[in-house]
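Notes for the one structure printed next.
The values are calculated or read from the model by the stated rules, or taken from the named source; none is laboratory data. None of these values were measured; they are calculated from a predicted model. Ideal geometry is used to build each Cβ from the backbone, glycine not excepted, and the neighbour counts take in all protein chains shown. Side chains included, ligands, DNA and RNA excluded: accessible areas come from the protein's heavy atoms. Shrake-Rupley method; radii C 1.70, N 1.55, O 1.52, S 1.80 Å.
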Amino acid sequence: MLPATLFESAFNSSPFGHYLLSPTPDAIILAVNDAFLKASSRTREELVGVSLFQAFPANPDDPDDTGEADLRASLDKVRATGLPDTLPAVRYPIPVVLPNGQTVFEERFWTSTSTPIFGPGGELVCISHSNSDVTAQVRSEAAVRESEKRFRALTNATAEVIYRMSPDWTQLRHLEGRGFLKDTADTNRFWLEEYIPPEDHGRLHQAIARAIRDGSVFELEHRVRRADGSFGWTQSRAVPMVDASGAIYEWIGAASDITERKAAEEKLREADRRKDEFLA
């Protein structure tokens, strides 16, 4: 049989926060490991023997602080069912004392699992509570959602065609045609044949290769197949999106309908040609 000191060592050296709670509604902290002490900026003397909800109370000035209520409900469920219960990414601000002595609540997000521990006779001895501070992850995901929200607002506010391309331009990932081009909601590997007339393939490939090679903005005026099947002209411009290492992971582009401008330019050229023929 393994010695008790081994279990104690595993408990204290775990990279995740752990503490043992009394199987009572006040949830007295019986033991706490080093990882949780570090995450909460507390000492063992401050926590052991104290109710979990006294050590980490809800913020009375924050009506959205439901962390304590969520945790109480989870522990109630464990006691009632005798089964583990998990809370995913719960907002649970914790009180922090500033250098000037003022106590403020610092916003934190935690994932946690509460597991009942039974004695030899089947009685509930304590509840093992493990948690992990996922504040950075939650904020990162929120930032991504906000960025996507802004991008969506931008695309909705513009009349230009918006598209997304794979790093090597072999896949059109998304295109909002704005009635000028046909929409593409799913990945399209055959976008070149579908949208670009064959005579313009060479020019397009050259411009794409140059932009990929230099990591520069792609910009080109070229013909396209419009939503009604006819051919028009567009001015397309795409910027590379790069990761922390500088590698391109996507291109975001916008294209303007310049068909009328091209038609007007052709009329001017035709008029100039006729004038030259007349003068000749």
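For this structure, a couple of remarks:
- Test result for Glu219, surrounded by fewer than 16 Cβ atoms within 10 Å (Cβ to Cβ), in contact (Cβ under 8 Å) with a residue 12 or more places away in the chain and in a strand (DSSP E or B): yes
To keep it simple, each residue is scored yes or no on (1) of a type in the set (Phe, Trp, Tyr); (2) out of contact with any Lys or Arg (no Cβ under 6 Å at 6 or more places or on another chain); (3) modelled with pLDDT of 95 or more.
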position: Glu194; (1), (2), (3): no, yes, no
position: Ile208; (1), (2), (3): no, yes, yes
position: Phe231; (1), (2), (3): yes, no, no
position: Asp243; (1), (2), (3): no, yes, no
position: Gly246; (1), (2), (3): no, yes, no
position: Ser256; (1), (2), (3): no, yes, no
position: Glu260; (1), (2), (3): no, yes, no
position: Leu268; (1), (2), (3): no, yes, no
position: Arg273; (1), (2), (3): no, yes, no
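- Within the range 1-76, helices (runs of 4 or more DSSP H) holding 1 or more residues that are at pLDDT 90 or above and buried (at least 17 other Cβ atoms within 10 Å of the Cβ): 34-40, 44-47, 52-55
- Only a single item in (1) open to solvent by 30 Å² or more (accessible area, probe 1.4 Å); (2) touching a residue at least 60 places away in the same chain (Cβ under 8 Å); (3) not charged (D, E, K, R) is not met by Ala254, and it is number (1).
- Test: residue in the range 14-26 that is among the aromatic types (Phe, Trp, Tyr), out of contact with any strand residue (DSSP E or B) (no Cβ under 8 Å at 6 or more places or on another chain) and in contact (Cβ under 8 Å) with a residue 24 or more places away in the chain: no
- Criterion violated by Thr259 - all others in (1) more than 29 Å from the chain's Cα centre (by Cα); (2) open to solvent by 90 Å² or more (accessible area, probe 1.4 Å) satisfied: (2)
- If you go through the range 77-87 and keep only what is in contact with an Asp or Glu (Cβ under 8 Å, 6 or more places away or on another chain) and open to solvent by 60 Å² or more (accessible area, probe 1.4 Å), you end up with just Lys77.
- Residue in the range 226-236 that is in the same structural domain as Leu181 (by the TED database), within 33 Å of the chain's Cα centre (by Cα), loosely packed, with under 14 Cβ neighbours inside 10 Å and of a type in the set (Asp, Glu) present: no
- The range 159-201: number of residues that are under 24 Å from Ala211 (Cα atoms) and either of a type in the set (S, T, N, Q) or part of a strand (DSSP E or B) (or both): 17
- Output for the range 32-91, where each listed residue is on the phi > 0 side of the Ramachandran plot and in contact with a strand residue (DSSP E or B) (Cβ under 6 Å, 6 or more places away or on another chain): Gly82, Ala89
- Selection within the range 55-73: residues that are touching a helix residue (DSSP H, G or I) at 6+ places or on another chain (Cβ under 8 Å) and of a type in the set (A, V, I, L, M). The member of this set that is nearest to Phe36 (Cα to Cα) is Ala55.
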